[in-house]
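Inspection log for the structure reproduced underneath, given as structure tokens.
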Amino acid sequence: MTEVASRRILIVLPALNEENNVGPVVRHVRETLPDAGVLVVDDGSSDQTSAKAREAGATVARLAVNLGVGGAMRTGFRYAVANGYDVVVQVDADGQHDPEHVRELVDNLVDADLVIGARFAGKGEYRARGPRRWAMWVLAFVISRLARTKLTDVTSGFKAAGPRAVKMFAQYYPAEYLGDTVESLVLAIRGGLVVKQVPVEMRVRSGGQPSQTPIRAAVYLVRAGLALLLALVRRRPSVESADAA
């Protein structure tokens, strides 16, 4: 693998109606990682998300319609390949991911292709409850068996992808519900990539309201199972086929 220190890093922030949060997050990222590129993918926002991101110094890719986090991240990976970036780090635009952990994720790419920032691995006090917690436990158990390593937080959106993962995801990254978490991990594992995790702390949202409710949490349980099933039955990708494309 290429030396981590020599790799070009792109921070990708998928954002939907995050005008109150995206500016401070972009500025924090740029202060923490001044040599990294910062791309905000505005996923069809109806507010001033794009303008606030540009004011803070980010490059903005604005999607005409809402594609979800998976579609936004696929745009980010394709931008990375087109512009010569070796590493892509996904950071939420709502301020819950601490950019101070990004360097740790990237440094761990020395012996992995995909590094997850895990909320349930010994740092911080983040807790999930009810159906969402059950779904997370089942998903973590199944995907850990596939990866042959312990993964405690397979729905984390805080991830660093190395060169092989960037090439694969630019070609195959799933855009469906939970595709950016569950299916992308299964895709990476079945494609022969090495996946690991490092513990991180999750912060409180900088502003706005989370979308989770008890009803949505129950729906999440069902949809998470369907996402896992879909990931397991889909055609197995490979790094070689991504290179050929």
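The values are calculated or read from the model by the stated rules, or taken from the named source; none is laboratory data. Bear in mind the structure is a predicted one, so any value in this text is a computation, not a measurement. All Cβ positions, even for glycine, are placed from backbone atoms using ideal geometry, and neighbour counts span all protein chains on display. Note: areas computed on protein heavy atoms with side chains; ligands, DNA, RNA excluded. Shrake-Rupley method; radii C 1.70, N 1.55, O 1.52, S 1.80 Å.
A few notes on this one:
- Answer residue from region 131-156, given it is outside any helix (DSSP H, G or I) and open to solvent by less than 10 Å² (accessible area, probe 1.4 Å) and is nearest to V106 (Cα to Cα) among those: S156
Residue by residue, here is whether (1) open to solvent by 10 Å² or more (accessible area, probe 1.4 Å); (2) out of contact with any strand residue (DSSP E or B) (no Cβ under 8 Å at 6 or more places or on another chain); (3) in contact (Cβ under 8 Å) with a residue 60 or more places away in the chain; (4) over 26 Å from K167 (Cα atoms) holds:
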| residue | (1), (2), (3), (4) |
| --- | --- |
| R8 | yes, no, yes, no |
| I11 | no, no, yes, no |
| P14 | yes, no, yes, no |
| V41 | no, no, no, no |
| Q48 | yes, yes, no, yes |
| A51 | yes, yes, no, yes |
| A80 | no, no, yes, no |
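- Residues in region 82-99 that are part of a helix (DSSP H, G or I), in contact (Cβ under 8 Å) with a residue 12 or more places away in the chain and either under 15 Å from Y172 (Cα atoms) or open to solvent by 10 Å² or more (accessible area, probe 1.4 Å) (or both): there are none.
- Residue, modelled with the highest pLDDT, within region 174-200, restricted to residues that are closer than 21 Å to V102 by Cα and among the hydroxyl-bearing types (S, T, Y): S184
- Every residue from region 17-36 that is closer than 29 Å to D107 by Cα, surrounded by fewer than 22 Cβ atoms within 10 Å (Cβ to Cβ) and touching a Ser or Thr at 6+ places or on another chain (Cβ under 7 Å): P24
- Flag if A188 is open to solvent by less than 10 Å² (accessible area, probe 1.4 Å) and farther than 15 Å from L232 by Cα: no
- Of all residues in region 13-57, those being of a type outside the set (S, T, N, Q) and either assigned to a helix (DSSP H, G or I) or in contact with a Cys (Cβ under 7 Å, 6 or more places away or on another chain) (or both) number 15.
- Hits in region 60-103 - residues which are at pLDDT below 95 and of a type in the set (D, E): D92, D94, D98, E100
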